[in-house]
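The values are calculated or read from the model by the stated rules, or taken from the named source; none is laboratory data. Computed from a predicted structure; not experimentally measured. Backbone-built Cβ (ideal geometry, glycine too); neighbour counts: all protein chains shown. Note: accessible area is taken over every heavy atom of the protein model, side chains too, but ligands, DNA and RNA are not part of it. Shrake-Rupley method; radii C 1.70, N 1.55, O 1.52, S 1.80 Å.
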Amino acid sequence: MYIWLSWVMLVTLQVRKGLCLEDFPLSQAIKLEKDLDSHTLYIKWRCAHPGLYDVEIYRTEFMESVFNETVEARWDKNNGLCQWTWTSQFPLECTSHSVRIRSRDPLHVGEWSPSSITEGKDIPNNSKIQVYPQDKVVLVGSSTSFCCIVGEGDDFVKMMYENRNERELRLSRRSYAITRTNQSASRPSGNNVVCSSREAMYGATIFVGYPPGDYDLTCDTRDLESAECQWKVGRDTRLYGRRKTRYTLNGRNVSSSRKQIQTIQVGKWESSWILVAENPLGNVELRDSAQLTDRVHPVAPGDLKAGNVNAWNVTLEWTWPFPTYKDLPLICQVQITANAHSDMRNFSRPGLSQVSLLDLQPYETYRVIVRCGSQNNFWKWGDWSPQISFQTKMDRPEVPDIWIWMKSANAGFVLWKPLSRSESHGVITGYEVTQERAPEDGQWTYVYPMSQRNATLILQDNSSQSVVYVRAKNSEFHSNYSRLAVPKYWPDTEDPVYEVAVRDGGFDLSWPASANGTLGYVVEWVNTACGLDCTVDWLKVPDGNTSAKIPSRDLIAGVRYTFSLFGLSDEGCELLQRWHGYSKEMVPAQSVLNLEANQYKSNVQLTWGKIPCTSQRGFVRGYNIYLVHISSLRFLTNITDPNVMSYTVKKLSLSSYKFTVKAYTDAGEDGGATVSVNLGPYSDFLIVEILVSLGSMSLFFALIAGVCYKKRNWVKKAFYPDIPEPKLPDEWTATQAPLEVKPSPHSMVQIMERQWDSGKGGLCTVPENDEDGSGTGNEPMDTDSDEPPLLQYYNQVVSNSSEVHPGSDSSSSTSSLASANTDVTYTGIQISGCCYNAATEESAECPGSYRPQMLSEGCQEEPQADLESPGLASFGGYRPQCSWKVDSAEALSFDSSVGSPTSVNSTQFLIPDVSTEDSRNTSTSKWFPSFLSGKTMK
Amino acid sequence: MEGPSDAGVPGRSAAAKALDLARLLHGECARLLDLFRERESFPADHDPEGGRLVSLGRWSDDMSAAEQVWHHRCALRKCLGLLELLIAREEEEEMGGGDEGEYEAVRRAVRERLGHLLFSTAALLDDGDDVGDLSPQHDCAEGRDEVEGSGSFAMKLWMYKVLLELIHWTGSTSKVLCELHSEREAKQEQTDL
């Protein structure tokens, strides 16, 4: 029983297994097919139904698994095969691959099938070096793997893609692989992959490019029978030779060129066209369809020629090569070119082959081309005909445009503008100018050559009316006359002149309508500063217009032009208005002239002259004045009136200044003129200074005089003391008789006793009288006087009168006289025997001492109770007027003054000998500061 | 058409002129190979393997200089055939992209100058009495014009070998022309004496 049950279960399982999961068939049931170009391996095996299978693929030699996944096989019920497709990264030639399969369901996994092998090229039978893939064509940017199978027994060295080493992967014993990603377009001969082994070198070529990109296929007909198809080649495929793009049109191979636009001829028109462009990377299909009448593309007119050529028109004729054009409605364009100017005229008619060209210019050379298109269902213009040229005939010239420019009251120029080519209607041979004067003066006519642009005009009288006629001549015809009455001469300065500026490339002039412009107006312009040889231009404005635009392109920048408006009427020409203008204003070319700086007190007046008109180069709007610092300009002021040409800089201190004056126009200011000025004391101030000085001096002296007057007593005492009365001895000689003057009775000499050092003489002090002599001789000595004591004693009376030798005067009085400010006058007492002798003797003993009136030795013997003899004998003391003796008491009588000096005037102090007694030194040292301080020494 | 320069030094012998031409051609062939290698990015340190494409049918070191020249001329004639085949294949494949660059210019110059060298050597041998019974129709050299293997790279290798052959045979021809020139000069000197 147990055995039976086991057997039933086993049978049941076997049946179930057979129903639900097939045990994998024998190995030969796996069939491997491969596509080497795409590296694809097709794995096929027999199966009863689709399902899941485990597929394992590995490189046979190294048993290296490259794929091991569960896949859902595609089942073909017709042949009962399951199929799975695998694509290898590397070419299948590189090495052998083994494949095995097993079935799988959720509950059971089948047994692996025996492996099936697809052989690579690395089997021993292929012993030479090989590289795969060969001549592969890929898209730009794609990746490609290459393998190198080295020769049997050889060693791999390296693989290079376009001379660049690549890292290799070993696939089998002899096979090595590399992968190149993102490849760029190859060169025409393809990129090379080179494999080097120890003994050999081989490689492969790969072509990297693009699929075709052609577009815009159109077909049309030229002869109304055949077709001509065109298309444009797109991006360069970068593939050449056998890999380049091939074309078929409606299934027929067509050749191509290297042009961007391809054109092929097809013998018969077809209503639809299909162009296929193909290369190894892909193909593109272009379609076009149309009826023949909608695609007429006429050929170029042939045998084009000009017939019946006149001055103003011509007839063009041409032919068509196809009879089918005879009834074809055509529209034709005629392009006429003359003097680089083209004109296009259209004509239409069935089978059009002749047109008339009107409104041509006489004596003009024209170049003509013609093209046509289908008038109905216009498709495109046909080809241009070959160009022909012809010349129209001559005709009468146009009337020349004339003007008369008066340079003075009775002289001017007749000007005319040369006729242009289109106005000449032929070759101009000259201009005929006729001046018609007053009837009694008759007229004159001259013919000028064609190069002449003017004729000189001479008027006998400015008031007489004269008319000028000008006509042009070409080689066959005369023009009509151009007539103009001679205008009056209008100087540039007589009328108010307006400024006009350039706007939009010209001067816009406008004016009010004038009764003098019934025949129109003329605007004349000329360089304002030009002399006689001026370039005059003009513009005629028709009647009714009151504005004109004068183009500025031909005018010179920075040059002032005068625009004159004349009215034309039957009465002649009359100036209506004038303007000045610049085509372009510039900064002045020159600085102001004659810049000067003049000082007025503390001000400086700057004056300058106007810039010449030719140098202004713009309207001078004013002046800028600057003070020049070391390296910069300090703006002082802006003078906005160009007619003001002076400026005063005020309140400047005494220094040096530099001023710069710059004129300015709308374009800016010029470089500037500079002037220097050195601001010094001005003359008025100098005079005032002198006057003040003089006044001050006068006042000072007056003050001094007043003080002196007020203090005259003091002055007299100080500088002009009375000469003490000499005490005359009784034996006054007769020689003194002539002096009748007697000393004042109150004159006396008071002898002051002093302390004397040994060897020093005593001094005799003489009391002085008042200046006015009010004092008497009996008055006590004025001890309260302001005078220094020394001044009181410098006239000393010596008691012992003696003879004074005249020679002593030379050493005393003479020396005193030699003093510039000492004037000691002696009256009849100059010759004193005492002084003479004393001087003679003293000359050896007291040399060098100032002794105007020294005491003689004899004087020392006179009884002077207060004087010590040693002092006197020493001659060291100061002894003025020593010729006078000290007399007795009776010498005080008035008569005793006879023979004494009447005056002593000396401003030079009598300086005692330094070797005299100390007391005198002391007196001397104290006197001078006391004098200066005005104090009296007591 | 560029031809050999006859405006050289007056009195120069035909052998000397042919020698100059061969040397010039040899240099141009080397230049052509450089341009080819540059165009194809071929490594300069590895020449393709294989034997000669052009080989002499009968060769002995005992041959006179004139006979050697005659044999070399045969080889050069084969080389010219290979070069023209090379040009045809390159143009068919548009390997230059359809434009003529320096490579194409040098290639054309080599072909023309090689023709002149063949002409010069033929005239040189006709003038001499030391060639013996060798006739131009004699099958003196062999050339392999088939490409070993398939594919563009195999063809490029064949072209590479053709250019190497040109360099080899123009250089070898220069040597034998030099010997011939020396021999004839020596003979001329003896005659003059």
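Brief remarks follow.
- Expected-Rg normalisation [2.2 N^0.38 Å, Cα atoms] applied to segment B:39-193: 1.20
- Whole-number D in µm² s⁻¹ for segment A:122-184, Kirkwood Cα-pair radius fed into Stokes-Einstein, 25 °C, 0.890 mPa s: 198
- A Förster radius of 35 Å, combined with the Cβ-Cβ distance separating B:Asp47 from A:Ser65, puts the computed FRET efficiency at roughly 0.30.
- Estimated distance in nm for a label pair at A:Arg483 and A:Ser510, the labels positioned 7 Å out from Cα along Cα-to-Cβ: 3.4
- Normalised by the number of residues in segment A:335-455, the average gap of Cα pairs under 8 Å and 6 or more apart makes the relative contact order 18 percent.
- Rg/Rh (Cα only; Kirkwood hydrodynamic radius) as it applies to segment A:603-653: 1.01
- Each residue of segment A:367-497 gets 197 Å³ once the volume of the Cα convex hull is shared out per residue.
- At q = 0.14, 0.23, 0.28 Å⁻¹, base-10 log of I(q)/I(0) for segment A:445-509 (Debye sum, equal scatterers on each alpha carbon): -0.75, -1.03, -1.27
- Extension gain, A:Asp543 back to A:Lys232 (0.36 nm per residue minus Cα-Cα distance, nm): 105.8 nm
- 21 Å Cα-Cα threshold exceeded, pairs from B:Lys78/B:Lys161; A:Lys136/B:Lys156; A:Lys393/A:Lys540; A:Lys44/A:Lys77: A:Lys393/A:Lys540
- When the pairs A:Lys268/A:Lys305; A:Lys128/B:Lys175; A:Lys584/A:Lys610 are compared against a 30 Å limit on Cα-Cα distance, A:Lys268/A:Lys305; A:Lys128/B:Lys175 fall above it.
- Multiplying the residue separation of A:Ser408 and A:Val644 by 0.36 nm and removing their Cα-Cα distance gives an extension gain of 81.8 nm.
- Two numbers describe the Cα atoms of segment A:338-438: Rg and Dmax, which are 22.4, 74 Å.
- Cysteines of chain B lacking any other cysteine Cβ under 4.7 Å from their own Cβ: B:Cys29, B:Cys79, B:Cys178.
- Counting only lysines at least 8 places from A:Lys232 when in the same chain, those with an alpha carbon closer than 16 Å to its own are A:Lys244, A:Lys259.
- Each 10 Å bin from 0 upward holds the following percent of the Cα-Cα pairs of segment A:433-544: 9, 33, 38, 18, 3, 0.
- Kirkwood estimate for segment A:240-335, i.e. one over the average of 1/r between Cα atoms, Å: 17.5
- Length added when fully stretched, A:Glu270-A:Ile687, from 0.36 nm per residue minus Cα-Cα: 137.7 nm
- Dimensionless Rg/Rh of segment A:53-210 - Kirkwood Rh, Rg from C-alpha atoms: 1.06
- Per-residue Karplus couplings for segment B:169-186, computed as 6.51 cos²θ - 1.76 cosθ + 1.60 with θ equal to phi - 60°, are listed in order as 6, 5, x, 5, 5, 4, 5, 6, 5, 5, 5, 4, 4, 5, 4, 5, 5, 4 Hz, Gly and Pro entered as x.
- Listing of segment A:201-249 residues, each with accessible area lower by at least 50 Å² in the full protein assembly than in the chain alone (probe 1.4 Å): A:Met201, A:Tyr202
- Note on A:Lys268: accessible area approximately 150 square angstrom, rounded to 10, probe 1.4 Å, nucleic acids and ligands left out.
- Each 10 Å bin, from zero up to the one with the longest distance, holds this percent of the alpha carbon pairs of segment A:570-668: 14, 39, 25, 12, 6, 3, 1, 0.
- Residue ranking by accessible heavy-atom surface, 1.4 Å probe, largest first, among A:Thr445, A:Thr218 comes out as A:Thr445, A:Thr218.
- Think of a 1.4 Å ball rolled over the protein heavy atoms: segment A:138-257 then has 40 Å² of accessible area per residue.
- Segment A:157-212: GluC sites (Glu not before Pro) in DSSP coil with no more than 14 other Cβ atoms inside 10 Å: A:Glu199
- Considering helices alone, the calculated mean residue ellipticity of chain B at 222 nm is -23000 deg cm²/dmol, with DSSP H runs of length four and up weighted by -39500 (n - 2.57) and normalised per residue.
- Computed over all pairs of different Cα atoms, the Kirkwood value for the hydrodynamic radius of segment A:184-305 is 16.8 Å.
- Note on A:Lys651: lysines with a C-alpha under 25 Å away, same-chain residues under 8 apart excluded, are A:Lys601, A:Lys662.
- In the assembled protein chains, A:Val447 presents an accessible area of approximately 90 Å² (probe radius 1.4 Å).
- Over chain B, relative contact order from alpha-carbon pairs under 8 Å, at least 6 apart, %: 45
- Exposure ranking of A:Ser451, B:Ser172, A:Ser189 by accessible area [1.4 Å probe, largest first]: A:Ser451, B:Ser172, A:Ser189
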